[in-house]
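Asker: Pasting a structure here, questions to come.
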Amino acid sequence: MKKILFLIILIPLVSLGQVKEKTLKDISTFPIGSSIRITPFLKDSKLVSIQKKHFNSFTSGSDMKMYNIIKAENEYNWEVVDTILKYATQNNQRLFGHNLIWHSSTPKWVVEKARENPKWLQSFMKSYIETYVGRYKGKVHGWDVVNEGLESAGSSFRKESIWFEIMGKSYIEKAFIYARKADPDAILFYNDFNIERDTLKLNATLKMVEDFKKRGIPIDGIGFQMHIRMDIPNEIIEFTLKKAAKTGLQIHLSEVDLIFNTHDDTRGGGIEKYKFLTEKMKQDQAKKYYDLAQIYKSVVPKNQQYGITFWGFNDRDTWIKPFFDMEDWPCIFDNKLNKKPAFDGFYEGLVE
Ligand code: XIL
């Protein structure tokens, strides 16, 4: 009798424990993604267990960029992408392709050859996209077809890009056309940064999107990279997301991180105001992550919520520190891979 009583008390306690386990992907109504470099990742069992527990969308940190896919003409290297695909499939995760065309990941040999023979560039783009997207047809759920086609600030197309230099702005629509042809069901994104705060840049993006829609150029989504800062007002983020959602396209927060310090958008351009992370800063960041989840949920209609993807997702692996050469703590897990208050903030923002 005593034993039965004990069990009656214990069972609800155990199941309560399970209910309380905070799992982002289980609580979210849209996919939660993480960007990862697959080779070090697979050797890191703690990271793997966090990734499996909390995320159901997988974006590669840099493995799927052009300089890793085609190191010389006709020399495609699929091994790493196949490994990523295997991991995503085995763990029931959506695989997101980042990215097809980006000035910053175009290999040197492509730039040199294009300058020698400008006509070649378009045919190369066509065969690259058709080969790559075609190979992973039905397996890569969505693609960042063009990344960062606009200048860092303002409304112009990015001039320092071999694609723009040789093909003009039409390189963007051509990339979308080739991608659609190679996989008619893949969700095709234009992805850029600062569009959540720079309304000139957002307007230029939306002008391009509306023009594409009018002319039947296939585009399905807008990726807001969302490398944000603590002092970017929520009102601006709300305003820009709402405006973008009016296009009816999918909205992906594609590379989320949240910094305290600042930078000038260039490599090595960090400006360090904070050298230490205080308890107060942790709490402020938790609140901002809460707000971000809430804003996304309330402003972007459900059927346009493609998901929220964290870039790096922990303060140890974040790209921010090496890239901008500064200290920071932008992620929801700390540099020992423990949950930060930011994790709880984001989680609560998803729940409510
Ligand atoms: C970053 C990677 O995380 C770094 O490891 C690499 O050195 C540079 O690129 N916007 C993007 C991403 O679209 O591809 C960038 O990723 C971060 C900014």
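The values are calculated or read from the model by the stated rules, or taken from the named source; none is laboratory data. From a predicted model like this one, the values you see are computed outputs, not experimental measurements. In this analysis, Cβ positions are derived from the backbone assuming ideal geometry, glycine residues included, and neighbour counts consider all displayed protein chains. Each accessible area value is taken on the protein alone, full model and side chains, heavy atoms only, with ligands, DNA and RNA left out. Shrake-Rupley method; radii C 1.70, N 1.55, O 1.52, S 1.80 Å.
Asker: In the list Lys53, Lys65, which residue meets the criterion of being within 16 Å of the ligand (Cβ to nearest atom) and basic (Lys, Arg)?
Answerer: Lys65
Asker: Quick one: which residue in Gly270, Gly312 is on the phi > 0 side of the Ramachandran plot, within 16 Å of the ligand (Cβ to nearest atom) and not β-branched (Val, Ile, Thr)?
Answerer: Gly312
Asker: Quick check: anything in segment 79-87 loosely packed, with under 14 Cβ neighbours inside 10 Å and closer than 30 Å to Pro301 by Cβ?
Answerer: Within segment 79-87 (the criterion being loosely packed, with under 14 Cβ neighbours inside 10 Å and closer than 30 Å to Pro301 by Cβ), the answer is no, since none of the residues qualifies.
Asker: How about segment 264-323: which of its residues are part of a loop (DSSP other than H, G, I, E, B) and either within 21 Å of Phe189 (Cβ to Cβ) or basic (Lys, Arg) (or both)?
Answerer: Once the filter is applied, which keeps residues that are part of a loop (DSSP other than H, G, I, E, B) and either within 21 Å of Phe189 (Cβ to Cβ) or basic (Lys, Arg) (or both), segment 264-323 yields Asp265, Arg267, Lys273, Lys275, Val300, Pro301, Trp311, Gly312, Phe313, Arg316, Trp319.
Asker: Just name the residue that is farthest from the chain's Cα centre (by Cα) out of those in segment 163-192 that are under 22 Å from Arg94 (Cβ atoms) and of a type in the set (A, V, I, L, M, F, W, C).
Answerer: My answer is Ala182.
Asker: While we're on this one: Taking segment 276-305 on its own, how many of its residues are among the hydroxyl-bearing types (Ser, Thr, Tyr) and open to solvent by less than 10 Å² (accessible area, probe 1.4 Å)?
Answerer: Final tally of qualifying residues: 2.
Asker: Could you identify the single residue in Asn91, Asn99, Asn147 that is closer than 22 Å to Ile187 by Cβ, open to solvent by less than 60 Å² (accessible area, probe 1.4 Å) and more than 16 Å from the ligand (Cβ to nearest atom)?
Answerer: Asn91
Asker: Going residue by residue through segment 191-206, is there one that turns out to be in contact (Cβ under 8 Å) with a residue 12 or more places away in the chain and touching a His at 6+ places or on another chain (Cβ under 6 Å)?
Answerer: Yes.
Asker: Okay, moving on. Only one residue in Ile219, Ile251 is part of a loop (DSSP other than H, G, I, E, B), among the β-branched types (Val, Ile, Thr), at pLDDT 95 or above and surrounded by 22 or more Cβ atoms within 10 Å (Cβ to Cβ), so which one is that?
Answerer: Only one candidate qualifies: Ile219.
Asker: Kindly indicate whether Gly134 is outside any helix (DSSP H, G or I), more than 15 Å from the ligand (Cβ to nearest atom) and either open to solvent by 10 Å² or more (accessible area, probe 1.4 Å) or not acidic (Asp, Glu) (or both).
Answerer: So Gly134 fails the test.
Asker: A further question follows. It is to be established whether one or more residues within segment 195-208 are assigned to a loop (DSSP other than H, G, I, E, B), within 25 Å of Asp265 (Cβ to Cβ) and open to solvent by 20 Å² or more (accessible area, probe 1.4 Å).
Answerer: Checked against the condition, which is being assigned to a loop (DSSP other than H, G, I, E, B), within 25 Å of Asp265 (Cβ to Cβ) and open to solvent by 20 Å² or more (accessible area, probe 1.4 Å), segment 195-208 yields at least one hit.
Asker: Taking the criterion of being assigned to a loop (DSSP other than H, G, I, E, B), hydrophobic (A, V, I, L, M, F, W, C), buried (at least 16 other Cβ atoms within 10 Å of the Cβ) and within 16 Å of the ligand (Cβ to nearest atom), would at least one residue in segment 175-193 satisfy it?
Answerer: Within segment 175-193 (the criterion being assigned to a loop (DSSP other than H, G, I, E, B), hydrophobic (A, V, I, L, M, F, W, C), buried (at least 16 other Cβ atoms within 10 Å of the Cβ) and within 16 Å of the ligand (Cβ to nearest atom)), the answer is yes, since at least one residue qualifies.
Asker: Answer yes or no: is there a residue in segment 286-293 that is in contact with a helix residue (DSSP H, G or I) (Cβ under 7 Å, 6 or more places away or on another chain), touching a residue at least 60 places away in the same chain (Cβ under 8 Å) and of a type in the set (Lys, Arg).
Answerer: No, segment 286-293 has no match at all.
Asker: Only helices (runs of 4 or more DSSP H) wholly contained in segment 55-124 count here; list those with 1 or more residues that are out of contact with any Phe, Trp or Tyr (no Cβ under 6 Å at 6 or more places or on another chain), under 28 Å from His252 (Cα atoms) and without any contact (Cβ under 8 Å) to a residue 60 or more places away in the chain.
Answerer: 66-69, 79-90
Asker: What tally of residues in segment 21-45 results from selecting those that are under 15 Å from Ala293 (Cα atoms), without any contact (Cβ under 8 Å) to a residue 40 or more places away in the chain and open to solvent by less than 30 Å² (accessible area, probe 1.4 Å)?
Answerer: Residues flagged as under 15 Å from Ala293 (Cα atoms), without any contact (Cβ under 8 Å) to a residue 40 or more places away in the chain and open to solvent by less than 30 Å² (accessible area, probe 1.4 Å) within segment 21-45 amount to 1.
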